[in-house]
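Working notes, beginning with the structure itself.
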Amino acid sequence: MSENIILIGFMGSGKDSVAKEISKNTDLTFFSMDDYIVLREKRTINNIFEESGEEYFRKIEKEILEEIENVKNVVVATGGGVVKDKKNRETLSEMGKVFYLYTSLDALKQRLSKDKTRPLIKDKNNIIKIYNERMKKGIYEFAYEKVDTSKITPEQVADRILKISKIETKTEEKSIEVYKLRTETKEYPIYIGYDILRDSKDLNMELKSDKVAIISNPVVGTLFLKETEKMLMDKGIKPLSCIIPDGEKYKNFDTIKKIFDTLLKEKMDRTSGIIALGGGVIGDMGGFVASTLKRGISLIQIPTTLIAQVDSSIGGKTGFDHPLGKNMIGTFYQPDMVLIDIKKLLTLPDKEFRNGMAEVIKYGITHDSELFGILETKQKEITNRDIMLLKDIVSRCVKIKKKIVEEDEKEEKGIREVLNYGHTIGHIIETITGYSKYSHGEAVATGMVEEAKLALKEGLLSNKDFERIEKLIERYELPSSIPDNIKREDMKNYVSQDKKVRKGKIRLPVPTGIGKIVFREVECEKFL
Ligand SMILES: NC(=O)c1ccc[n+]([C@@H]2O[C@H](COP(=O)([O-])OP(=O)(O)OC[C@H]3O[C@@H](n4cnc5c(N)ncnc54)[C@H](O)[C@@H]3O)[C@@H](O)[C@H]2O)c1
Ligand SMILES: [Zn+2]
């Protein structure tokens, strides 16, 4: 896929319009730094300047660059002053190809004369002063290329940038797959397509309510909130948004309470609905709130990470963490609809993408040898986020998860547990290392190799298949062995405390071949 495009330039140089134009014609997603700051701070840029001053603004500007530097396939409209800082300039250069939109002072004066939204130029003489200052310091010089925007339209500027950077034009992939998930409590559609929110006419969405709250976080909100709002407005709904801080460490009761507070203040009632727009953290919390607010309101999942698309958005498990453990409080609550947009996977940081690939590999090992084969032969294309391959992969995983959920909705029949392959050892690694050193995907990847080793030792899995599993995990840059700093003895202690242990034995799903999985009772002693 392409490299990020970063637009810098004086206020009024057209960074937003040009970035939107580039995004319209390519697979890059528009990312406005100002939008991000507004969502994160929950105040307008003007208010931040007035209430906290420019110094504070520059400080958070620096912080946010660190928060977004790993986002991929975006065209970034930067804030006008971000390039004043040397470290920021370095970060921007590392993030992608930087284009400087130059504008003459005359053109700027004309463009900015009616603009009342910009805090730094309330006094018009300030424009000249700041302009001259920045020019003198040469703070735009680090750009990869300069484009003079003084006499041309944003469309023409975008066109020039596209030619210089040789970015491919937008992928035309319009087909939408629909799967119906049927459980005892509900039947709902799962849509899978590319850029499906932008043109949602084909989505047969029957929203039962006209009061809808979108729950998201600053980064996902900056990327996708506007298009989600537009989709709803096209259907006659004016949504409200509830932005919560990013990360697993906020998946707790404090955040849940804040969401309840917001939604109840907005007088959401039994006919209202929630859209969970984000990864598994947002999906699990949004789902929990939907399942309990007024004893249950409608819920749409729009998963934006690979984990969320292939796993957490489907199947109705909701919840949040407690200091005594992950996902300690939750409900089973099926959504009314899941909208899977493959385009969302393009902006994921590599680390998050790899995390999701661990779960995809899991489905290949447990259920789908063809998927496993695709992962083996097309590793390069998949890592480069080939859209058609991603769509095929996500569809395969969704079909597997759907079938399992239909057979064992509430994990009561011992069927849904097959999805725990790799997770027993994975969870132990996560617990011993305090949920910080290894991501869930990394821990599960190691867990899958270790649990396959168990099958190998028991004579259930051939050497050849074991090696295929180990090699595939390594090819996706996931760890395949237990880190040296974790003692096997410590892990054994954790296994014996596992709630699945009965009379010194633990029941586990283990692979007997690629795409084949069985449950086995294994003595804890033999486990590691
Ligand atoms: N309910 C279930 O069945 C189930 C299954 C698996 C996992 N989970 C839960 O899911 C959570 C993990 O999910 P996750 O891995 O999606 O984590 P996450 O929701 O924290 O997302 C990972 C990171 O990616 C960012 N992000 C999300 N979408 C993006 C996009 N399109 N572009 C760029 N950045 C994006 C997020 O802001 C976040 O920083 C855990 O809390 C886990 O317990 C639940
Ligand atoms: Zn998992």
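Does Lys378 fit the bill of being touching a residue at least 12 places away in the same chain (Cβ under 8 Å) and surrounded by fewer than 19 Cβ atoms within 10 Å (Cβ to Cβ)? Spelling it out, it is not the case that Lys378 is touching a residue at least 12 places away in the same chain (Cβ under 8 Å) and surrounded by fewer than 19 Cβ atoms within 10 Å (Cβ to Cβ).
This table checks each residue for (1) of a type in the set (D, E, K, R); (2) away from ligand 2 (no atom under 16 Å from the Cβ).
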| position | (1), (2) |
| --- | --- |
| Lys362 | yes, no |
| Leu371 | no, yes |
| Gln379 | no, yes |
| Ile387 | no, yes |
| Lys391 | yes, yes |
| Ser395 | no, yes |
| Lys403 | yes, yes |
| Glu417 | yes, no |
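Residue count for the range 282-309 under the criterion of being touching a residue at least 60 places away in the same chain (Cβ under 8 Å) and either in contact with a Lys or Arg (Cβ under 7 Å, 6 or more places away or on another chain) or within 8 Å of ligand 1 (Cβ to nearest atom) (or both): the result is 7.
Can you name every residue in the range 253-270 that is touching a helix residue (DSSP H, G or I) at 6+ places or on another chain (Cβ under 9 Å) and not in a helix (DSSP H, G or I)? Within the range 253-270, Met268, Asp269, Arg270 qualify. In summary, Ile469 fulfils each of the numbered conditions (1) assigned to a loop (DSSP other than H, G, I, E, B); (2) away from ligand 2 (no atom under 16 Å from the Cβ); (3) surrounded by 21 or more Cβ atoms within 10 Å (Cβ to Cβ) with the single exception of condition (1). Taken over the range 475-528, the residue count meeting the criterion of being surrounded by fewer than 16 Cβ atoms within 10 Å (Cβ to Cβ), assigned to a loop (DSSP other than H, G, I, E, B) and either at pLDDT below 85 or basic (Lys, Arg) (or both) is 6. Residues Ile282, Ile307, Ile314: which one is under 30 Å from Met388 (Cβ atoms), in a helix (DSSP H, G or I), within 16 Å of ligand 2 (Cβ to nearest atom) and among the β-branched types (Val, Ile, Thr)? Going through Ile282, Ile307, Ile314 in turn, just one is under 30 Å from Met388 (Cβ atoms), in a helix (DSSP H, G or I), within 16 Å of ligand 2 (Cβ to nearest atom) and among the β-branched types (Val, Ile, Thr): Ile307. With (1) of a type in the set (S, T, N, Q); (2) more than 10 Å from ligand 1 (Cβ to nearest atom); (3) crowded, with 22+ Cβ neighbours inside 10 Å as the list, and Thr331 as the residue in question, which single condition is left unmet? Of the numbered conditions (1) of a type in the set (S, T, N, Q); (2) more than 10 Å from ligand 1 (Cβ to nearest atom); (3) crowded, with 22+ Cβ neighbours inside 10 Å, the odd one out for Thr331 is (3).
For Leu346, the stated conditions hold: it is within 11 Å of ligand 1 (Cβ to nearest atom), in contact (Cβ under 8 Å) with a residue 12 or more places away in the chain, assigned to a helix (DSSP H, G or I) and under 23 Å from Asn73 (Cβ atoms).
From Glu450, Glu458, Glu474, Glu417, grab the single residue that is over 20 Å from Gly247 (Cα atoms), free of Cβ contacts under 8 Å to residues at least 12 places away in the same chain and more than 22 Å from the chain's Cα centre (by Cα). Spell out how you get there, then give the answer.
Numbers: Glu450 fails: free of Cβ contacts under 8 Å to residues at least 12 places away in the same chain; Glu458 fails: free of Cβ contacts under 8 Å to residues at least 12 places away in the same chain; Glu417 fails: free of Cβ contacts under 8 Å to residues at least 12 places away in the same chain.
None of the other options fit; the residue is Glu474.
On the stretch given as the range 418-435, residues that are within 12 Å of ligand 1 (Cβ to nearest atom) and either closer than 13 Å to Met448 by Cβ or out of contact with any helix residue (DSSP H, G or I) (no Cβ under 8 Å at 6 or more places or on another chain) (or both) total 5. All of (1) farther than 25 Å from Ile307 by Cα; (2) surrounded by fewer than 17 Cβ atoms within 10 Å (Cβ to Cβ); (3) of a type outside the set (D, E, K, R) hold for Ser272 with one exception: (2). Answer yes or no as to whether Thr446 is crowded, with 22+ Cβ neighbours inside 10 Å and either out of contact with any strand residue (DSSP E or B) (no Cβ under 8 Å at 6 or more places or on another chain) or not assigned by TED's automatic domain parsing to the domain that holds Ile517 (or both). Taking the combined requirement at face value, the residue satisfies it.
Here the strands (runs of 3 or more DSSP E) wholly within the range 151-235 that include at least 2 residues being at pLDDT 90 or above and not hydrophobic (A, V, I, L, M, F, W, C) are 177-182, 187-193.
A single member of Lys380, Lys391 is charged (D, E, K, R) and either more than 22 Å from the chain's Cα centre (by Cα) or more than 30 Å from Pro483 (Cα to Cα) (or both), and it is Lys391.
Exactly one residue out of Gly441, Gly422 is in contact (Cβ under 8 Å) with a residue 24 or more places away in the chain, assigned by TED's automatic domain parsing to the domain that holds Asn493 and within 21 Å of the chain's Cα centre (by Cα): that is Gly441. Per the listing Lys265, Lys251, the residue uniquely within 23 Å of the chain's Cα centre (by Cα) and of a type outside the set (Gly, Ala, Ser) is Lys251.
Given the criteria assigned to a helix (DSSP H, G or I), within 27 Å of Arg354 (Cβ to Cβ) and out of contact with any strand residue (DSSP E or B) (no Cβ under 8 Å at 6 or more places or on another chain), does Thr91 qualify? For Thr91, the condition - assigned to a helix (DSSP H, G or I), within 27 Å of Arg354 (Cβ to Cβ) and out of contact with any strand residue (DSSP E or B) (no Cβ under 8 Å at 6 or more places or on another chain) - is met.
Quick one: would you say Arg354 is under 21 Å from the mean Cα position of the chain (by Cα), closer than 25 Å to Thr318 by Cα and at pLDDT 95 or above? Don't jump to the end; show me each part of the working.
On the way: under 21 Å from the mean Cα position of the chain (by Cα): yes; closer than 25 Å to Thr318 by Cα: yes; at pLDDT 95 or above: yes.
Yes: the conditions hold for Arg354.
The values are calculated or read from the model by the stated rules, or taken from the named source; none is laboratory data. From a predicted model like this one, the values you see are computed outputs, not experimental measurements. No Cβ is skipped: glycine too gets one built from the backbone with ideal geometry, and neighbour counts run over all protein chains shown.
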